[in-house]
Amino acid sequence: MQYSQIGQRSSMKRIKPILPAIGIFCLALTVRIIYNNTVAYHYYPLHDSAFYQGIAFHLLKEHCFCLEAYVPTVYRAPLWPFIIAGLSLIFGPSDYFPRLFLCLVGSGTCVLVYLFARDLFNWRIGVLAGVFAAIYPELYIYDGWLYTESLYIFLLFAICYGLYRLQHTPERNWRNWIICGVLLGLLSLTRPNGMIVIGLFIVWSIIMVWQQFLSWRVAARGILVTTFIALVLIAPWTIRN
């Protein structure tokens, strides 16, 4: 009996620190699902969103990254069309399930807002920031449209948070360098201007060395590892083009 109580207390201690993040994620997800099933219920992809969906459907039907049937294109970055294609393969050709996927992505962004504000200030301000992000219309509106903004914001914010964590524990946190490399690669495959962020990452590393937050050795290794991982992820798309 005592072992059971000790185990329950230990579990509660492990779960308690992540309860605010879980609560913010659930609130954000609820807001976004309600929005997608009310205001955005009759949404129909137009403009760029129609292009992304069209490419995804051509991937499924013709195995071709094409805007028009059997006419390959390099006009759009590949990650979002491939995600739409994967979801359509599982759930059928519909814009609803990709929008539900964006609801999860947008909710993740709200959790990142909470984590960033918590680490910068305290957990109360973090919760307040996370709640505001969860109900902020300019964030959840993109989770009802098939554009890349929601995914791009999540990846970019995740990179910023990763760099913030690296600033405080650079030498003991090689996992964050690797994660940042993966995120930079995915960001570049979401929108072409993600490549610029790789350059900004290198500039950030140099500034951290100049401000003595990082040693030259750690920064050099981190830049090489992170940039290499990002370029490896981008390479297949580059070779294909």
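The values are calculated or read from the model by the stated rules, or taken from the named source; none is laboratory data. Since we're looking at a predicted model, the values are computed, not measured. As a convention, Cβ positions derive from the backbone with ideal geometry for all residues, glycine included, and neighbour counts pool all protein chains shown. For accessibility, only protein heavy atoms count, side chains too; no ligands or nucleic acids. Shrake-Rupley method; radii C 1.70, N 1.55, O 1.52, S 1.80 Å.
Couple of notes before you dig in:
- When chymotrypsin sites (Phe, Trp or Tyr not before Pro) are flagged only if DSSP places them in a loop and at most 16 other Cβ atoms lie within 10 Å, the longest unflagged stretch of the chain comes out as 122-212.
- Where the Cα pairs of region 52-98 fall when distances are cut into 5 Å bins, in %: 5, 29, 34, 20, 9, 2
- Relative contact order of region 9-142: 30 percent, from C-alpha pairs under 8 Å at least 6 residues apart in sequence.
- Cα-based radius of gyration for the chain, normalised by 2.2 N^0.38 Å, reads 1.15.
- Per residue accessible area of region 35-170, 1.4 Å probe, in Å²: 50
- Here the contact order of the chain, divided by its residue count and restricted to Cα pairs under 8 Å and six or more residues apart, works out to 19 percent.
- Relative contact order of region 85-163, pairs being alpha-carbon contacts under 8 Å that are 6 or more residues apart, as %: 34
- Descending semi-axes in Å of region 146-231, equivalent ellipsoid built from Cα gyration tensor: 23, 12, 11
- Across region 88-120, the residues whose backbone nitrogen lies under 20 Å from the label position 7 Å along the beta-carbon direction of LEU200 are 106, 108-117, 120.
- Rounded to the nearest 500, the 222 nm mean residue ellipticity of the chain from helices alone is -25000 deg cm²/dmol, with -39,500 (n - 2.57) taken per DSSP H run of at least 4 residues.
- Of the solvent-accessible surface of the chain, computed with a 1.4 Å probe over protein heavy atoms with every protein chain present, carbon and sulfur atoms account for 69 percent.
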